[in-house]
Amino acid sequence: MNEDNSESGSRVAEFASYPALATLRLEPGDLSRLMCQGSVAQERRGDHAYFRLRFRRHGRQVARYIGDAATAAIVMKELARLQTRRRLGREFAQLSRAGRRLLRETKVALEPVVIAHGMYFHGRTIRQPRRSRLPIAAAQLR
């Protein structure tokens with residue numbers, strides 16, 4: 001019984017950070033689902049517009065009525081705040097891919113110039129060939 005109270009206490013703390021989402025009859029695990037997915041959709045009935053929060057729970061779509069545009073704006077801000085880490089992770093991955101692609105393209109473009117100057121690539125580092133320290137090799141060069 002004590003464990004259940006501590007669990008519900010942590011859920012209250014989570015929902016307390018998102019008061020507009022807390023009013024939408026969400027289950028305890030829904031906040032973690034909303035971190036990865038979910039959106040606010042505008043729908044019309046006649047000439048009246050209203051908004052719903054839509055996301056998936058166990059493969060099935062869940063829709064929660066939000067109401068007017070003012071409440072929907074608050075829910076959208078909370079949802080954006082909840083999804084910030086995921087969005088930043090995607091942006092970072094995209095920029096990392098672009099950076100790696102640029103490094104590959106630059107290396108391919110520079111390789112003929114590096115070879116023409118008697119050097120070579122070792123990974124991304126440009127190196128000169130080792131000079132032989134053997135006396136025989138040095139005598140042959142003279």
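Values quoted throughout were computed directly from the atomic coordinates according to the rules given, and no laboratory measurement underlies them. Please read these numbers as outputs of a predicted model, since none were measured by experiment. Positions of Cβ are generated from backbone atoms using ideal geometry, with glycine treated the same way; all protein chains shown enter the neighbour counts.
Counting Lys and Arg as +1 and Asp and Glu as -1, each charge on the Cβ, what is the dipole of the stretch 46-93 about the Cα centre in debye, to the nearest 20?
420
So what does the Cα-only Debye profile of the chain read at q = 0.08, 0.11, 0.12, 0.15 Å⁻¹, as log10 I(q)/I(0), no solvent term?
Debye curve over Cα of the chain, log10 I(q)/I(0) at q = 0.08, 0.11, 0.12, 0.15 Å⁻¹: -0.49, -0.64, -0.69, -0.88.
If R0 is 25 Å, what FRET efficiency do you get for Ala16 and Ala70 from their C-beta distance, rounded to 0.05?
So, using R0 = 25 Å, E works out to roughly 0.70.
Taking R0 as 22 Å, what's the FRET efficiency between Ser39 and Ala93 from their Cβ-Cβ distance, rounded to 0.05? Working shown, then result.
Values: r = 21 Å, r/R0 = 0.94.
Computed FRET efficiency for Ser39 and Ala93: 0.60.
Tell me which of Met35, Gln61, Pro19 sits at the most positive position along the dipole axis of the stretch 2-82, charges placed on C-beta atoms (Lys, Arg +1; Asp, Glu -1).
Gln61
Full extension from Glu27 to Leu110: what is 0.36 nm times the residue separation minus their Cα-Cα distance, to one decimal in nm?
Extra length available between Glu27 and Leu110 comes to 24.2 nm.
Quick one: which of 81-94, 26-39 comes out on top by average Cβ neighbours within 10 Å, and what's the full order, highest first?
Details: 81-94: 11.6, 26-39: 14.7.
Averaged packing, sorted descending, gives the order 26-39, 81-94.
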